[in-house]
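*Asks:* Let me give you the structure first, and then I'll get to my questions.
The values are calculated or read from the model by the stated rules, or taken from the named source; none is laboratory data. The shown structure was predicted, so the numbers you read here are calculated from the model rather than taken from an experiment. Neighbour counts run over all protein chains shown; Cβ positions are idealised from the backbone, glycine included.
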Amino acid sequence: MAGAVAGEIDIVFSNYVSILQAAGEGLPLRIIRENNRSGPQGIYVPTGSPITGPADLAGASIAINSLGNIQELTARAVLESHGVDPAGLSFVELPPPEMPAALEQGHVDAAWMVEPFLTQVEQRGTATRVVSAFEGPTENLPVAGWTVTQQFLQENPNTVAAFVRAMDAAMTMAVEQPETVTEIIPTYTEISPELAAQLSTPGLAENSDLSDFGTLAELMVEYGLIEDGLDLEEVTVDADELPQE
């Protein structure tokens, strides 16, 4: 997002916590399309761990990809709904590819895992899911989307509109023809076609709804990730206001 504000990047994909935090700090960002909501992610522990349920994570160290972000937010909210004091949790910043080894070697008690790593540890039997990252207070939570600066939107409305239409078409294809997702993943990652076919379906947003940030914003305020008073309408772009074909 710093690159977008500097004019080095035109369109940025990011989780909404980062976007709303930046907007709350005064950066002129506008969300133009939703990308995904709640998905298959969850909090895992090493196989054989004494942690067998969410309540056992009280006081635990949990690996997440970035501090003060969507993973920390959802972990705090979900675990508090299971009676865990969120203030007692300890979060350790780790890249997702390093989390399986960190679990196996005992460097952390648990890890907030994403694909393809959660499927890999489940297949190897080296880690077990304790709780979903998206249940209770985080069920159907808006997770990530596409954003531009206000300046880029004003200067390039047709480009933004074309991008949104392209994403609309791509999302429809991904949802209605999931085999296209399976086929494309190995072309730009090191994931094998066999593994790609086994990955959980992501929560892609076929229909973009940028009016549903209330719960997310409330949770961010509750856990101290933004201050109250952010005007969500000022951060989002209504697709109907963009130039049409």
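*Asks:* Residues to consider are 230, 199; find the one that is surrounded by 12 or more Cβ atoms within 10 Å (Cβ to Cβ), touching an Asp or Glu at 6+ places or on another chain (Cβ under 7 Å) and part of a loop (DSSP other than H, G, I, E, B).
*Replies:* 199
*Asks:* Taking residue 187 as the residue in question, decide whether it is out of contact with any strand residue (DSSP E or B) (no Cβ under 7 Å at 6 or more places or on another chain) and under 29 Å from residue 230 (Cα atoms).
*Replies:* Criteria not met by residue 187.
*Asks:* Take the residues in the stretch 117-144 that are hydroxyl-bearing (Ser, Thr, Tyr) and more than 19 Å from the chain's Cα centre (by Cα), then tell me which one is farthest from residue 190 (Cα to Cα).
*Replies:* 128
*Asks:* Can you name every residue in the stretch 66-90 that is in contact with a Lys or Arg (Cβ under 7 Å, 6 or more places away or on another chain) and either among the charged types (D, E, K, R) or over 20 Å from residue 217 (Cβ atoms) (or both)?
*Replies:* 89
*Asks:* Restricting the search to the stretch 52-64, which residues are in a loop (DSSP other than H, G, I, E, B) and buried (at least 20 other Cβ atoms within 10 Å of the Cβ)?
*Replies:* 60
*Asks:* Does any residue of the stretch 95-118 turn out to be surrounded by 18 or more Cβ atoms within 10 Å (Cβ to Cβ) and of a type in the set (Asp, Glu)?
*Replies:* The answer is yes, given that some residue of the stretch 95-118 is surrounded by 18 or more Cβ atoms within 10 Å (Cβ to Cβ) and of a type in the set (Asp, Glu).
*Asks:* Do any residues in the stretch 191-209 that are under 21 Å from residue 132 (Cβ atoms) and touching a residue at least 60 places away in the same chain (Cβ under 8 Å) have Cβ atoms under 7 Å from those of residues that are among the acidic types (Asp, Glu) and part of a loop (DSSP other than H, G, I, E, B), where the two are at least six apart or on different chains, and which pairs are they?
*Replies:* 199/115; 200/115
*Asks:* Sticking with this one: How many residues does the stretch 77-89 contain that are buried (at least 16 other Cβ atoms within 10 Å of the Cβ) and either closer than 16 Å to residue 38 by Cβ or hydrophobic (A, V, I, L, M, F, W, C) (or both)?
*Replies:* So the answer is 5.
*Asks:* Which of the residues that make up the stretch 77-116 are in a helix (DSSP H, G or I) and farther than 13 Å from residue 64 by Cα?
*Replies:* Those that are in a helix (DSSP H, G or I) and farther than 13 Å from residue 64 by Cα: 77, 78, 79, 80, 81, 86, 87, 88, 101, 104.
*Asks:* Go through (1) touching a residue at least 24 places away in the same chain (Cβ under 8 Å); (2) out of contact with any Pro (no Cβ under 9 Å at 6 or more places or on another chain); (3) in a loop (DSSP other than H, G, I, E, B); (4) not acidic (Asp, Glu) one by one and return the number of the condition residue 39 breaks.
*Replies:* Only one criterion in (1) touching a residue at least 24 places away in the same chain (Cβ under 8 Å); (2) out of contact with any Pro (no Cβ under 9 Å at 6 or more places or on another chain); (3) in a loop (DSSP other than H, G, I, E, B); (4) not acidic (Asp, Glu) is unmet by residue 39, namely (2).
*Asks:* Return yes or no: is residue 190 at pLDDT 90 or above and part of a helix (DSSP H, G or I)?
*Replies:* No.
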